Amino acid sequence: MPMFLSTLFTYIRIVRLPIVLAVLFVIQNQAFTYFLHIVPQLYFRASVVTFALGMLIYGLAVLLPSRIRLWYLLFVSLVTSFLFIAQYIYYTYFEGFFQVTAFKYASQSTEIAGAISILLSPVLLIFIVHVFLVVFVMIYVHKKKCDVFGISGRKKIITALLLIVITVSGYGYLIFTEKRDWGHIDRLYSRPYDIDSLVAKIGIINYFVEDAVRVSLRKKGVSKKEKEFALAWKRTEREYPYPKQYFGAARGRNLILIQIESFENAVIGEKIRGVEITPNLNALIQEGLYVKKYFAYVNQGNTADAEFTVLNSLYVPPTGVAFFDYANNRYGALPALLAQHGYGTYVFHGDVLTFWNRANIYPKLGYQKWFTADDYTIPRVVGFQGLGDEDFFLQSAEKIKPLKQPFMAMLMTLTSHTPYRIPEDLQKITIPKDSNLDQLQKDYVQSAHYADMAVGVFIKKLKEMKIYDNSLIVIFGDHGSYSNISSALGVSKDIPEQLRNHQVPLIVVAPKSKIKGTISLPASHLDIYPTVANLLGVTPPRNIFGKDILNVKDSAVVKRKVNSIAIDAILGSRLTYIGSSDTIFDHGICEETSSNKVLPVEACRGLYEKETKNMRASDIVVRGDLIPLIQKLPAQKAELAGKEKKGIE
Ligand code: GP9
Ligand code: MN
């Protein structure tokens, strides 16, 4: 045998236990993905990256002093074994992955404890086998008084270099494939969407490491000063004029929230060659209440941010994704409040439960049951994730039919998701050849028209099921379409540019009630919770940061810059503030909202400070997990009965 080969074999023999453990590590990860049916099944990529991690954590043993090498391997094996098993059981139970932030509540996980015996499966043995192997080697070494590694000097350096090469190549391969597939690596770390897909790519233990790193890097907790600030801000809050308008106007009704994907206000009321793009929503607007200056408040988490803000009336944090980073906070969300008032609380969405980490946060928001991808069949593939809105609504209606009333149902559509392409036979709008719309905008209009049709089908079903008249129906878009549709259709010119692409409709229908008309006060996702609670005759807790739009005279909507606390624009009912690029208040522009007349910037200082404080307090509450503390504040004092009652125009 040539010299270099024999050296190589000797070398492999020396480091064989860590290599065997690293290979086992890869097999265990494959088994994890396979038995839990995690899709997509990217076995090769996950194996390369898992091997890189396996070599790193087990290979390190070779570099350690001989007396602790095996003990180190035993320790690492026990840790990986624990993580595999814990994640396996957790996923089987919750359909999601355990997050590092949930450790603080580990002692309270009585829910899962009772079910553990049912969740134990022979598959779990695969995740322990390496511990037995290390123990066996330990006994063998002890008996034979030999050293399985016997490595020193130059070989240690080679080993260290080799470990670096393997690790860098493994993770390098991951980065390469990610860039090739998506053009960037944001989906791996800063913007992971679906944890199933992430785990499929990097393996479960890599995911756990990533999650731990993310948590440790994130600014956590709040200072005493910050806490005092948030509490003081909340204490200054005044109750709305009493008696409140429309309090209990929809008391005892079901609450049906319909969140339409990427649905912009720009298409509402618009026609193409005389054909309405949204005939069904236009009809609902006639029947109910329409908030015409309504804005989505989302950051990196898109749909999930809309859910977060609508259900909590909290700002999404300036960085990261609340559904990931604060999934284990304590909330006082709308579903939880309604559950306390005897409502059954349900959410319906055609995507998998791991998307946006919904599996972990839904129970914390107070949902009692969720219907997701597994609960639907896809008769034909339509648009994003395959489940067309019409099928989604038809199947959801069947699930709603037997529910005990009153219930809260949140339904979130999928079809009008980018890239907005739907099958040709479903494209029912004839767009003229000489239209100024580009292809993306044309596709968008078609998918918006389709989504509108699907809502119409659902409303018809609700009527047939005799649920419609006893419901409060709230329809809104989750966020903009990022297609510049509003400028293409030439609408929303009176809205500051910074907010134009974030304008979505808000329609509230309570059939056969006095809840009707158009509201011109600016409003946002933050305001649905308090407004709906008022209509249902339920007093919201103090942890909300939005306003009841039926009970305020003035209001404002803030647009923050992406991933920042800096204010881009504030649209107030009286004043509008446009932020400058250097984010210095004085460098911004202050205008009168009604006339666009430029005023001295000082005129906007009060508005700017109030909104900044409100956002800051909300951010502190989220970061510091302070909702229970806020809820302990004494009840608000009602302001004296307002003489002037601002009604619906
Ligand atoms: C994912 C779906 C779309 O489940 O709600 O999310 P988005 O990409 O808009 O955030
Ligand atoms: Mn969305």
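Give the peptides 417-428, 482-493 in descending order of average Cβ contacts within 10 Å, highest first. Provide the component values of the computation, followed by the final result.
On the way: 417-428: 15.6, 482-493: 17.9.
Taking the mean over residues of other Cβ atoms within 10 Å, the ranking is 482-493, 417-428.
Of the listed peptides 165-172, 189-196, what is their order by residue-averaged count of other C-beta atoms within 10 Å, with the highest listed first? All intermediate terms of the calculation are to be shown ahead of the outcome.
Working: 165-172: 16.2, 189-196: 19.1.
The most tightly packed comes first, giving 189-196, 165-172.
Give the cross-link partners of Lys144 among the lysines, using a straight C-alpha distance below 27 Å as the criterion and excluding same-chain residues fewer than 8 apart.
Lys155, Lys156
What list of ³J(HN,Hα) couplings, whole Hz, do you get for region 57-70 from phi and the Karplus terms 6.51, -1.76, 1.60, once you set θ to phi - 60° and write x for glycine and proline?
6, 7, x, 4, 4, 4, 8, 7, x, 4, 5, 10, 4, 5
Pull up all non-local amide H partners of Thr345: gap of 5 or more, or a different chain, and H-to-H distance under 5 Å with H placed in the peptide plane.
HN-HN under 5 Å from Thr345: Gln368, Lys369, Met408.
Taking the Cα atoms only, what angle lies between the long axis of helix 389-400 and the longest principal axis of the chain, rounded to 10 degrees?
90
Please compute the contact order of the chain in relative form: average sequence separation of alpha-carbon pairs under 8 Å and at least six residues apart, divided by the residue count, as a percent.
Working: 1130 pairs, mean separation 117.9, N = 649.
Contact order relative to length: 18 percent.
Could you pull the accessible area for His525 with a 1.4 Å probe, rounded to 10 Å²?
Here the residue's solvent-accessible area equals roughly 0 Å².
Going by a ≥ b ≥ c, the root eigenvalues of the Cα gyration tensor, does region 245-284 fall in the rounded group (a/c under 1.5), the prolate group (a/b larger than b/c) or the oblate group? Can you show the working numbers first?
On the way: a/c = 3.15, a/b = 2.32, b/c = 1.36.
Note, shape of region 245-284 comes out prolate.
Arrange the residues Cys604, Cys146 by how much accessible surface each exposes, largest first, with a 1.4 angstrom probe.
Working: Cys604 0, Cys146 50 Å².
These residues rank, largest area first, as Cys146, Cys604.
What does the convex hull of the alpha-carbon atoms of region 3-217 project to on average, in nm²?
Numbers: hull surface 56.4 nm².
Reported value for the Cα convex hull: 14.1 nm².
Through the Karplus equation 6.51 cos²θ - 1.76 cosθ + 1.60, θ set to phi - 60°, convert the phi angles of region 269-279 into ³J(HN,Hα) values in whole Hz; use x for Gly and Pro.
x, 7, 10, 10, 6, x, 9, 5, 6, 10, x
Putting +1 on Lys and Arg Cβ atoms and -1 on Asp and Glu Cβ atoms, find which of His525, Leu334, Pro379 reaches farthest to the positive end of the dipole of region 227-631.
Selected residue: Leu334.
What are the residues whose amide H is under 5 Å from the amide H of Val352, where those residues sit 5 or more places off or on another chain and H is modelled from the backbone?
Answer set, sorted by chain and number: Ala373.
Go through the chain and flag any cysteine with no other cysteine's C-beta closer than 4.7 Å, please.
Cys146
In percent, how large is the relative contact order of region 3-217, given Cα pairs closer than 8 Å and 6 or more residues apart?
Numbers: 191 pairs, mean separation 79.1, N = 215.
RCO, region 3-217: 37 percent.
Can you order the peptides 579-586, 529-536, 209-216, 546-553 by their average number of other Cβ atoms within 10 Å per residue, highest first? Working shown, then result.
Working: 579-586: 13.2, 529-536: 24.6, 209-216: 15.1, 546-553: 21.8.
In decreasing order of mean packing, 579-586, 529-536, 209-216, 546-553 become 529-536, 546-553, 209-216, 579-586.
Check the straight Cα-Cα distances from Lys561 and name the lysines below 21 Å, setting aside those fewer than 8 residues away within the same chain.
Straight-distance partners of Lys561: Lys219, Lys293, Lys493, Lys610, Lys613.
Taking a 1.4 Å probe, which of His341, His479 shows the most accessible area, and what order do the others take after it? Don't jump to the answer; show the numbers that get you there.
Values: His341 95, His479 10 Å².
Highest to lowest solvent-accessible surface, that is His341, His479.
Would you list which lysines come within 23 Å of Lys401, measuring only between C-alpha atoms, while excluding same-chain residues fewer than 8 positions from it?
Lys369, Lys460, Lys461, Lys463, Lys466, Lys512
Just want the answer: with Cβ charges of +1 for Lys and Arg and -1 for Asp and Glu, which residue in Ile584, Pro600, Asn614 is farthest toward the dipole's positive end in region 572-616?
Asn614
Hey, got the dipole for region 160-252? About the Cα centre, +1 on K and R Cβ, -1 on D and E Cβ, debye to the nearest 20? List each step's numbers first, then the result.
Working: 17 positive and 11 negative charges, 123 e Å.
In debye, rounded to 20, region 160-252 gives about 600.
How many nm is it between the label spots at Arg574 and Tyr34, if each spot is 7 Å from the Cα in line with the beta carbon?
Spacing of the two 7 Å Cα→Cβ label points: 6.9 nm.
Report, to the nearest whole %, how much of the accessible area of region 356-406 belongs to carbon and sulfur atoms, 1.4 Å probe, protein only.
On the way: 1170 of 2180 Å².
Solvent-exposed carbon and sulfur of region 356-406 make up 54 percent of the total.
Considering Cα pairs under 8 angstrom that are at least six residues apart, work out the relative contact order of region 249-310 and quote it in whole percent. Before the final figure, lay out the partial values.
Values: 25 pairs, mean separation 11.2, N = 62.
Once divided by the residue count of region 249-310, the mean separation gives 18 percent.
Sort Ile157, Ile475 from largest to smallest accessible area, using a 1.4 Å probe on the heavy atoms of the protein chains. Mind showing how you got there, number by number?
Details: Ile157 105, Ile475 5 Å².
In descending accessible area the options line up as Ile157, Ile475.
Taking a ≥ b ≥ c as the square roots of the eigenvalues of the Cα gyration tensor of the chain, is the shape rounded (a/c under 1.5), prolate (a/b larger than b/c) or oblate?
It comes out prolate by the Cα gyration axes.
For region 492-649, what class follows from the C-alpha gyration tensor (a ≥ b ≥ c being the square roots of its eigenvalues): rounded when a/c is under 1.5, otherwise prolate if a/b is larger than b/c, else oblate?
On the way: a/c = 1.75, a/b = 1.23, b/c = 1.43.
Because a/c hits 1.5 or more and a/b fails to exceed b/c, region 492-649 counts as oblate.
Which ³J(HN,Hα) values, rounded to whole Hz and listed in residue order, are derived for region 166-179 from phi using the Karplus coefficients 6.51, -1.76 and 1.60 in 6.51 cos²θ - 1.76 cosθ + 1.60 with θ = phi - 60°, glycine and proline given as x?
My calculation for region 166-179 gives 4, 5, 4, 5, x, 6, x, 4, 4, 4, 4, 5, 5, 5 Hz in order.
Give me the dipole magnitude in Debye, nearest 20, for the chain about the Cα centre, with unit charges on the beta carbon: positive for Lys and Arg, negative for Asp and Glu. It would help to have the intermediate numbers written out before the result.
On the way: 73 positive and 56 negative charges, 419 e Å.
With only Lys, Arg, Asp and Glu charged at Cβ, the dipole is about 2020 debye.
I'd like the accessible area for Lys364: 1.4 Å probe, protein heavy atoms, all chains in place, Å² to the nearest 10.
The value for Lys364 is about 70 Å².
Once the Cβ-Cβ distance between His142 and Ala566 is put in as r, and R0 is 60 Å, what FRET efficiency do you end up with, to the nearest 0.05? Show your work: numbers first, answer last.
Numbers: r = 63 Å, r/R0 = 1.05.
The value I calculate is 0.45.
From the gyration tensor of the Cα coordinates in region 364-450, what semi-axes in whole Å does the equivalent ellipsoid have, largest first, with each one equal to sqrt(5λ)?
31, 13, 12
Only bridges whose two residues both fall in the chain count here: according to DSSP, what percent of them are antiparallel, nearest 5? Intermediate values should be presented prior to the final figure.
Working: 26 of 53 bridges.
Around 50 percent of the beta bridges assigned by DSSP in the chain are antiparallel ones.
Please give the per residue accessible area of the chain, computed with a probe of 1.4 Å over protein heavy atoms only, in Å². Could you put the intermediate results ahead of the total?
Values: 28200 Å² over 649 residues.
Using a 1.4 Å probe on heavy atoms only, each residue of the chain averages 43 Å².
The values are calculated or read from the model by the stated rules, or taken from the named source; none is laboratory data. The structure displayed is predicted, hence computed values, not measured ones. Cβ coordinates were reconstructed from backbone atoms using ideal geometry, including for glycine residues, and neighbour counts include every protein chain displayed. Accessible surface is based on the protein model in full, side chains and every heavy atom, while ligands, DNA and RNA are left aside. Shrake-Rupley method; radii C 1.70, N 1.55, O 1.52, S 1.80 Å.
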